[in-house]
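*Asks:* Below is a structure I'd like to ask you about.
Derivation of every value follows stated rules applied to the coordinates shown; laboratory data play no part. If you're wondering where the values come from, they're calculated on a predicted model, not measured in any experiment. All Cβ positions, glycine included, derive from the backbone under ideal geometry; neighbour counts span all protein chains shown.
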Ligand code: UD1
């Protein structure tokens, strides 16, 4: 199993290009199942999760042409198998996003039921309830969700009991080919939901209200297809900004989108960073100063993203002062704490809040990654720690960060991959 070895203590400095967003690429690839004609998706990030989604489409018999820059042309005309097998779903929960599109386009779908994961039980009840209210018959047998609909799905008004990104995406995709109008209330407002809606509109769908908590979809008979560029990854952007802030460095990130990172940039300014933004770039300069502790409370967009929480915890471990981080989106997402304490951090947890008492330094140690964003936070901790940190189980990081060690090396970090 690959590991990352980091010699900490170097200030990050330099420029980087941000990749396409994983969390937009995955639903957009699932959405290609809705189109009749070819769909070309560009700016896909080179990540394990993206290859898993492509593999999933391939195993259904969908025709895929991939070029060297990872643009993918998808043609679903050749589909022969309406099933998402356990072997793929177990490695990537987002596979559930093929359920709505398959049901809407082909009237049937069989998708392995995703299990829990390190950050909590993560149910999908709201996805299933939404599709049932549109007329689908769903039963779970042998670990699989079997869904079918007689004729077309029907447009309905759905009030989401809680804000769910994947649930909103699954229902929005299904509604594009339903008969009549679907209204999703208490919809997720995440930029990735908006990007998916824009791609569906480019395919021929009729959607309005995306980016607000009420999305209205008027079903159409067919979606012809389109060419679409995936938005930049706001979490990758935020992760490099925090890494630079924690190491008292100075960086510029290009091909990104500052408007989606407002609350993160606000928190970095509070930590003492000097931030400048242009249409598609962000720069951060700590002027060599230690960051100040910042309190965080995660919430659905436009609140503070749960996917940035662990990275801010890493920065707070070496910040000036004490910070409270409260996680409200997932039940078990402060798991990086124990590994950070092994590096000399001082963090205590009560319920869903972590108190982080900033230390003047951390010490490198062998640590274990437990999930994607926790891995990123351990790398940040390794970058600020004195001596060597070895992060084990980094397959988690390869799911969500394109070429992380090359990108960090470009910024001057001493980091290398060790393969067994
Ligand atoms: C997506 C992101 C993930 C991010 C999360 C929250 C992708 C591929 N992943 O995950 O990186 O951390 O949004 O911003 O886009 N819930 C239910 N029932 C449901 C669905 C969700 O109770 O049917 C709960 C979940 O357990 C969780 C909360 O709702 O506590 C939010 O989950 P959700 O927004 O659905 O996250 P994902 O779409 O899985």
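*Asks:* Identify the single condition in (1) within 16 Å of the ligand (Cβ to nearest atom); (2) farther than 21 Å from residue 190 by Cβ that residue 307 does not satisfy, given that it satisfies every other one.
*Replies:* (2)
*Asks:* While we're on this one: Against the conditions (1) under 29 Å from residue 257 (Cβ atoms); (2) touching a strand residue (DSSP E or B) at 6+ places or on another chain (Cβ under 8 Å), where does residue 94 fall short? Just the number, please.
*Replies:* (2) is the only condition that residue 94 fails.
*Asks:* So residue 176 ticks every box in (1) more than 15 Å from the ligand (Cβ to nearest atom); (2) in contact (Cβ under 8 Å) with a residue 24 or more places away in the chain; (3) out of contact with any strand residue (DSSP E or B) (no Cβ under 9 Å at 6 or more places or on another chain) but one. Which box is left unticked?
*Replies:* (3)
*Asks:* So is residue 371 without any contact (Cβ under 8 Å) to a residue 40 or more places away in the chain and either within 16 Å of the ligand (Cβ to nearest atom) or more than 29 Å from residue 46 (Cα to Cα) (or both) or not?
*Replies:* no
*Asks:* Applying the selection to the range 14-54, what residues are within 24 Å of residue 238 (Cα to Cα), assigned to a helix (DSSP H, G or I) and out of contact with any helix residue (DSSP H, G or I) (no Cβ under 6 Å at 6 or more places or on another chain)?
*Replies:* The one that is within 24 Å of residue 238 (Cα to Cα), assigned to a helix (DSSP H, G or I) and out of contact with any helix residue (DSSP H, G or I) (no Cβ under 6 Å at 6 or more places or on another chain): 51.
*Asks:* Could you tell me whether the range 285-299 includes any residue that is within 30 Å of residue 29 (Cβ to Cβ), away from the ligand (no atom under 16 Å from the Cβ) and more than 20 Å from the chain's Cα centre (by Cα)?
*Replies:* Among the residues of the range 285-299, not one is within 30 Å of residue 29 (Cβ to Cβ), away from the ligand (no atom under 16 Å from the Cβ) and more than 20 Å from the chain's Cα centre (by Cα), which makes the answer no.
*Asks:* Now for a different question. Kindly indicate whether any position in the range 60-82 is crowded, with 21+ Cβ neighbours inside 10 Å, within 16 Å of the ligand (Cβ to nearest atom) and over 16 Å from the mean Cα position of the chain (by Cα).
*Replies:* Within the range 60-82 (the criterion being crowded, with 21+ Cβ neighbours inside 10 Å, within 16 Å of the ligand (Cβ to nearest atom) and over 16 Å from the mean Cα position of the chain (by Cα)), the answer is no, since none of the residues qualifies.
*Asks:* Of the conditions (1) under 30 Å from residue 413 (Cβ atoms); (2) surrounded by fewer than 18 Cβ atoms within 10 Å (Cβ to Cβ); (3) under 19 Å from the mean Cα position of the chain (by Cα); (4) without any contact (Cβ under 8 Å) to a residue 60 or more places away in the chain, residue 46 satisfies every one except a single condition; which number is it?
*Replies:* Unmet condition: (4).
*Asks:* Here's something else I'd like to know. With the structure loaded, tell me whether residue 420 is part of a loop (DSSP other than H, G, I, E, B), in contact (Cβ under 8 Å) with a residue 40 or more places away in the chain and either over 28 Å from residue 359 (Cα atoms) or within 21 Å of the chain's Cα centre (by Cα) (or both) or whether it fails that test.
*Replies:* yes
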